[in-house]
Structures are given as structure tokens and as C-alpha cells.
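The structure under discussion appears below in the form of C-alpha cells.
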Amino acid sequence: MKYRLIIFLLIIINLFGCANTDLNSNVTVKLPENIIYSGKGLAASAALMGAIGPSGIAIGAAIDIGIGKGIQSKNDKHILRAEIKKAVNVYNSSEVNIIKNIDLEEIKFKQKGSDEFVILLINGVITFSTGKQCIINAKSDENYEFTKLKNKKNYANEIVINKVTAIIKSRRMCQI
């Protein structure tokens, strides 16, 4: 009799353990090709256009593109994807309507006020197991140090992960 009880309990534990992992393993996270930076380069375009003509606009934009690529080179996309999946799996473990897909279409750091600080803007779509899609248009409430963003390894990832995790936890992304 005791063996039957033990076998029964092991089967129940196995069923509950496997039910959650199967749901969470199918989460996909898509990231944009590039991190975008928008700052003084674009603002300087008008002045450069006045000084050197229409090519001044391209030079100003190229400055910001270069800064964005510099930020991106300090951040590992694989780490960002894995950490977002981890946050989604935590959310999914306690929900019925689980997140199946997160497609971040744009990750943008925009200069705010002085040269010292930037804010984060994220645009994307979250798809649930029911097929419902929710649009993310998030703007950070915090200011982040521009020099730290350019120089510290995986700092942009930390900022994005914290914002995406906060969106998921707060359930502000949409009404389910």
C-alpha cells in the first residue's frame, strides 16, 4: 500500500513540474537590429546645414548613429534576450494567459536636457497564448548617465531589462 502511495505522489509531482516548464519553453523574444541613440548630433544638423549645406544633416545624423553603435557594442544581445525570457517565465509561472512572444521593435536612448542624461524609449508588441496582442510604448521615468551608458559593459541591457520586467510585473501593458 505504501508503494502505491509513493508512486502516486511521484506521478503527481512529475505532472505539476512538467506542466509549467512546457509552457515557458516556447517564449520567443525578438530584439531590434540596432540600439538607437538620439541626441545633439541630430540637433546640430540644422547648424551644420547652414555651414556646409545639405550634407550637414547627414553628418549630424551620422554622429548619433555612431554613438548608438558604440552603445550597442558594449552590450550583449544574447544576455538581453536570456534575461527578458527569464522575466517572462517568472510572469508565466503564475498566470493562465501566458506571454508567448515579445517583439521589441525599437530600443532608443534619447538625450534629455543636458549632455549628461538620457531616457529610454521602448516600442514593441507582446503576444499572449490567447492570440491577443498588446502594444508597448514605454518611456522611462528615470534619467540615466550618458557616459556610463557609453562606457559600462551591459549597462544598456540592465536598463532595458529593468524596464521590461517592470512593464510585465505591473501588467500595465494592456487589459487582458
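No value in this document is a laboratory result; all are computed from the given coordinates. Nothing here was measured: the structure is a model prediction, and the numbers come from that model. So basically every Cβ, Gly included, is an ideal-geometry build from the backbone, and we count neighbours across all protein chains shown.
Take residue 94 and decide whether it is touching a helix residue (DSSP H, G or I) at 6+ places or on another chain (Cβ under 7 Å) and free of Cβ contacts under 8 Å to residues at least 40 places away in the same chain.
no
If I go through the range 95-145 residue by residue, how many of them are touching a strand residue (DSSP E or B) at 6+ places or on another chain (Cβ under 7 Å) and among the charged types (D, E, K, R)?
10
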